[in-house]
1. Given the condition in the same structural domain as PHE415 (by the TED database), under 20 Å from the mean Cα position of the chain (by Cα), closer than 24 Å to VAL138 by Cβ and at pLDDT below 95, answer yes or no: does some residue in region 244-257 qualify?
2. If we scan region 205-213, do we find a residue that is more than 20 Å from SER266 (Cβ to Cβ) and either open to solvent by less than 40 Å² (accessible area, probe 1.4 Å) or among the basic types (Lys, Arg) (or both)?
3. Which residues, taken from region 167-183, are open to solvent by 10 Å² or more (accessible area, probe 1.4 Å) and either closer than 18 Å to THR208 by Cα or not assigned by the TED database to the domain that holds GLY127 (or both)?
4. Going by what's in this entry, would SER266 be described as crowded, with 21+ Cβ neighbours inside 10 Å and either touching a Phe, Trp or Tyr at 6+ places or on another chain (Cβ under 9 Å) or without any contact (Cβ under 8 Å) to a residue 24 or more places away in the chain (or both)?
5. Go through region 386-429 and give me each residue that's over 15 Å from the mean Cα position of the chain (by Cα), at pLDDT 95 or above and more than 28 Å from THR157 (Cα to Cα).
Amino acid sequence: NNEKSVPQLLIRDLKFEKPSLAKLMFSPDQENHPAKAPVKYGELIVLGYNGSLPNGDRGRRKSRFALFKRAKANGVKPSTVHIACTPQAAKAISNKDQHSISYTLSRAQTVVVEYTHDSNTDMFQIGRSTESPIDFVVTDTVPGSQSNSDTQSVQSTISRFACRIICERNPPFTARIYAAGFDSSKNIFLGEKAAKWKTSDGQMDGLTTNGVLVMHPRNGFTEDSKPGVWREISVCGNVFSLRETRSAQQRGKMVENETNQLQDGSLIDLCGATLLWRTAEGLARTPTVKHLEALRQEINAARPQCPVGFNTLAFPSMKRKDVVDEKQPWVYLNCGHVHGYHNWGNKEERDGKDRECPMCRSVGPYVPLWLGCEAGFYVDAGPPTHAFSPCGHVCSEKTTAYWSQIPLPHGTHTFHAACPFCAHQLAGEQGYIRLIFQGPLD
């Protein structure tokens, strides 16, 4: 074991001395701020994408979506309730200029709730549909998928009009989430099979087929964050405990003391994709892409070496985040020793997937390391010292520790922790590993 004779280096041992780094860390929303920037309510970031969609961000289909105050309010609030079949109800349903929610109780009875314009709020809609009422088009996330062609064969479980977020136009710009979105005819239809009920104050409410789940972290989205409890949000924004399975007919229990108000770090699950909500204030405290780039250059400047080939290793630029580079660092996931790529120590009898680390002889997967480029997933601005297992995405210790504790919905009734940068299910005891680099020998 030649471990003792070799200078080993944890990234935290590097001296991050550049005075510019602290300034880079928290420049609110990058630099070029016009004098009157529009009010930003927050951003939605889709888990599983490391900064952009595999085939590039296009139009309303992208990996993150910013919600800005609209030039003109487009929010709506409930007004008149009609019990069908009356002429008004039929008119409300057919009126293309009137938002309404229809609750089909039976063939003979439909309750239609008309919605009226609300000049104090802005509405943003999210779903799989590409129709114009949808502001942010979200498709199913396939873990580790490098191209959208991988995702096309999957039957989507995301609703076409999945949910809507209503933001107050005045400070503190509170954002609230509701299940279901209005379609091109400004309607939401809850059919006979959807779970629906009359509330104690005589209003109607219901759940969508696969449901909209929300988890608010405890202690906000900071290095002290802890996972919260997953809840289901109803069409009217009430909070319920989870159903037995995603589409069970029986609703969960109402949770009186919780609200549909989004907070920094809230997770929204649409059954096929999970979104992270970051408030504008939270993003101002988050490391910028510039900061992550400075950290990358800092690691590379320390010239970590492969302990076998003695060649210098370097993390590729953020733009080349899918192609394995010849200087790319690789890691043995069981021990954390970082190497360059080499064929040494292949275990033929183990299908070639497991390798023996030349430093400490521990046997396990051997994977390339990639920097986590989506700054919105970081809970702090610490150096990239740890990697998720088994995918090899690298970020700060607190960030790996946080995401490894989060049970993300998977399928219709299971939960597991996953890497936020690629959505791969985490493996191993912790789901992440501390990286051990070797310093230059000179």
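1. no
2. Yes, there is a match, as at least one residue in region 205-213 is more than 20 Å from SER266 (Cβ to Cβ) and either open to solvent by less than 40 Å² (accessible area, probe 1.4 Å) or among the basic types (Lys, Arg) (or both).
3. ARG176, TYR178, ASP183
4. On the way: crowded, with 21+ Cβ neighbours inside 10 Å: yes; either touching a Phe, Trp or Tyr at 6+ places or on another chain (Cβ under 9 Å) or without any contact (Cβ under 8 Å) to a residue 24 or more places away in the chain (or both): yes.
Criteria met by SER266.
5. Those that are over 15 Å from the mean Cα position of the chain (by Cα), at pLDDT 95 or above and more than 28 Å from THR157 (Cα to Cα): HIS386, ALA387, GLY392, VAL394, CYS395, SER396, GLU397, LYS398, ALA401.
Okay, residues lined up against (1) on the phi < 0 side of the Ramachandran plot; (2) modelled with pLDDT of 95 or more:
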| site | (1), (2) |
| --- | --- |
| GLY144 | no, no |
| ASN148 | yes, no |
| GLN152 | yes, no |
| CYS163 | yes, yes |
| ARG169 | yes, yes |
| THR174 | yes, yes |
| PHE182 | yes, yes |
| LYS193 | yes, no |
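The values are calculated or read from the model by the stated rules, or taken from the named source; none is laboratory data. Keep in mind it's a predicted model, so treat the numbers as computed, not measured. Virtual Cβ from ideal backbone geometry, glycine too; neighbours counted across all protein chains shown. Quick note on the areas: whole protein, heavy atoms, side chains included, nothing else; ligands and nucleic acids left out. Shrake-Rupley method; radii C 1.70, N 1.55, O 1.52, S 1.80 Å.
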